[in-house]
1. Once the Cα atoms of segment 71-172 are picked out, what are the Rg and Dmax in Å?
2. Volume per residue, Å³, of the convex hull around the alpha-carbon atoms of the chain?
3. Any chance you could list the semi-axes, whole Å, largest first, of the equivalent ellipsoid that the Cα gyration tensor gives for segment 27-94, using √(5λ)?
4. Can you show me the helix-derived [θ] at 222 nm for the chain, built from DSSP H runs with n ≥ 4 at -39,500 (n - 2.57) apiece and divided by the number of residues, rounded to the nearest 500.
5. Report the residue, chosen from D86, D41, D134, that carries the largest GNM mean-square fluctuation when the chain is represented by alpha-carbon nodes joined by springs under 10 Å.
6. Ignoring any ligand, DNA or RNA, what whole percent of the accessible area of the chain comes from carbon and sulfur when the probe is 1.4 angstrom?
7. Please identify the GluC sites (Glu not before Pro) of segment 110-149 that satisfy two criteria: DSSP loop assignment and at most 11 other Cβ atoms within 10 Å. Which are they?
8. How large is ³J(HN,Hα), in whole Hz, for each residue of segment 9-15 in order, when computed from phi with the Karplus curve 6.51 cos²θ - 1.76 cosθ + 1.60 and θ = phi - 60°, using x for Gly and Pro?
Amino acid sequence: MNILTFVKHNLVKLLIQSLFIIILIISIFSIEFTIDILHNDGKSVNYVGIIRGGTQLLIKQELSNNPNEELIEELDGIINQLKTHDKNNHFAIHEDKRLQELLSAIEIKWIELKEEIYNCRSGAEPLKLYNLSDEYYELSNNMVFETQAYVETKVEKLSHMRSRLFINYIFG
């Protein structure tokens, strides 16, 4: 084997190793980025669950003549935060049209629900509030399940990416 063949062989080997290192670095950054997204997606599921449970607590309190304006403000804030898409608020809802539609429906129903809360505080019959809360619960419950399913799909994709990275590392 002459020196030129030896150099070519080592150069090809070095290029292949460099390529695998670059792929590994890109994969690590991709996984870190995805983990950050999944963290926010977990917050999405949690916030939607808070909307569902918090609203039921609020209605229970209102029907027991125990107004809770602080909880109304908290739920308003969570809904607004879920709607807001900026560098501090990136939720699964911003990526999926179905989740956006559900959030819009929840927001509309929430406005109706708040209006009826204030009507009940002014003496209106509570049956309409009770029925609206059932409708709201169904919407928010659907959103919890839809958000969870969306996030689980992303987790599965990350798991497959991790497996491919491992295989590339072992056989590369």
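The values are calculated or read from the model by the stated rules, or taken from the named source; none is laboratory data. Since we're looking at a predicted model, the values are computed, not measured. Positions of Cβ are generated from backbone atoms using ideal geometry, with glycine treated the same way; all protein chains shown enter the neighbour counts. Heads up: the accessible areas ignore ligands, DNA and RNA and are worked out on the full protein's heavy atoms, side chains in. Shrake-Rupley method; radii C 1.70, N 1.55, O 1.52, S 1.80 Å.
1. 19.5, 73
2. Per-residue hull volume (Cα only) is 112 Å³.
3. 32, 11, 7
4. About -31000 deg cm²/dmol.
5. The residue with the greatest mean-square fluctuation here is D86.
6. That fraction is 59 percent.
7. Qualifying residues, ordered by number: none.
8. With the stated coefficients, segment 9-15 comes to 4, 5, 5, 4, 4, 5, 5 Hz.
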